[in-house]
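Laboratory data are not the source of any read-out in this text; all were calculated from the coordinates shown. All figures in this text were calculated on a predicted structure; none of them were measured in a lab. A quick note on method: Cβ atoms are made from the backbone with ideal geometry, for glycine too, and the neighbour counts reach across all protein chains shown.
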Amino acid sequence: MGDSVKFFGIDKKIISVGRTELTNIHIQKNIDDWILRADDNSYIHFEFQTTNKKEDLPRFMVSDAMLCYKENMPVKTIVVYSSDIDETNTKLDYGAIKYEVDAFYLSKLDGDKAYYDIKAKIEAGTPLTKQDLMSVVLLPLMKNSVDKVTRLEQAVGLSKELRETKEQLQIQAMITLLAEKFIDDEERLSKLKGALEMTAVAEVFRQEGRQEGRQEGRQEGKKEGRREGKKEGRKESVLEIARNALIKGLTIDMISEITGLDESSIRDLQTNIAS
């Protein structure tokens, strides 16, 4: 994530990704959008909302309470609302329990201008800032003259023009996460995921695994050794990819989809990174 959180007016350095799956005493699971650990020993909890429901704030409160209890660190929660929402309740008062979040309204941002500004930068070969990259992700949720899905498809198109593979990976993973939250049309969602699977990023993942396997196999020298070497090479390569993706802030679901690793293995990697 790095400096990308400055997009939301946060002047903190992100040092790692926090746990986004917390199990409470009733063995019920809460899955949050982003939980990031800052360098001042605090957490920043992001929720992305395309609806404004009465039960949302209490749900965020429970997640934050569990995170504070388990990690013993303060939490700042920012709820990012799509362009359809421009006013919400940000406070709860239950007497002894009081809770407040910060609301970030994307309805105040001009998606058309952001899209064409970033497009012009890419065409001119101008490096994009972290805030620019965050804008690419959030373009569909800003105020636009086109519908969300169309703008999302355009955002995917912009991501394919990025020079850095790691930047492509981050952007496309986050776009997929948001798409699953607000695209109800299964056919269009499937089409979008298909387009993402054909990107250079997905191919890099596949190529890295095959290349590492071949290198390990050549070192063994024998047929059986080559076979085992390929397996070990692919395994180590996939684990390294998953480790790097966690550090970059990708979700467990997305990493599992890309690498083929089960979620339990990815969570183990996440725990090792955090320790």
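Once you sort the root eigenvalues of the Cα gyration tensor of region 73-119 as a ≥ b ≥ c, which label holds: rounded (a/c under 1.5), prolate (a/b larger than b/c) or oblate (the other case)? Taking the square roots of the gyration eigenvalues as a ≥ b ≥ c, region 73-119 is oblate. Per the Kirkwood formula applied to alpha carbons, region 58-198 shows a radius of gyration over Rh ratio, Rg over Rh, of 1.04.
Derived scalar couplings between HN and Hα for region 98-105 equal 10, 9, 8, 10, 9, 9, 10, 9 Hz in order, rounded to whole Hz, by the Karplus curve 6.51 cos²θ - 1.76 cosθ + 1.60 (θ = phi - 60°), x for Gly and Pro. Amide H contacts for PHE104 (H built 1.01 Å from N in the peptide plane; partners 5 or more residues away or on another chain; cut-off under 5 Å): VAL79, VAL80, TYR81.
Ordered by the count of other Cβ atoms within 10 Å of each Cβ, fewest first, ASP268, ASP184, ASP84 give ASP184, ASP268, ASP84. In terms of packing, defined here as the mean over residues of other Cβ atoms within 10 angstrom, the peptides 76-83, 93-100, 53-60 line up highest first as 76-83, 53-60, 93-100. For LYS143, nonlocal amide neighbours, meaning residues 5 or more places apart or on other chains whose placed amide H falls under 5 Å from its own, are LEU109, GLY111.
Taking the simple approach of a point 7 Å from Cα along Cα-to-Cβ for both LYS6 and THR271, what is their distance in nm? In this crude spin-label approximation the distance works out to 3.6 nm.
To make sure I understand, if each residue's beta carbon is the centre and we count other beta carbons within 10 Å, what order do THR165, THR271, THR176, THR50 fall in, fewest to most?
Result, fewest neighbours first: THR271, THR165, THR50, THR176.
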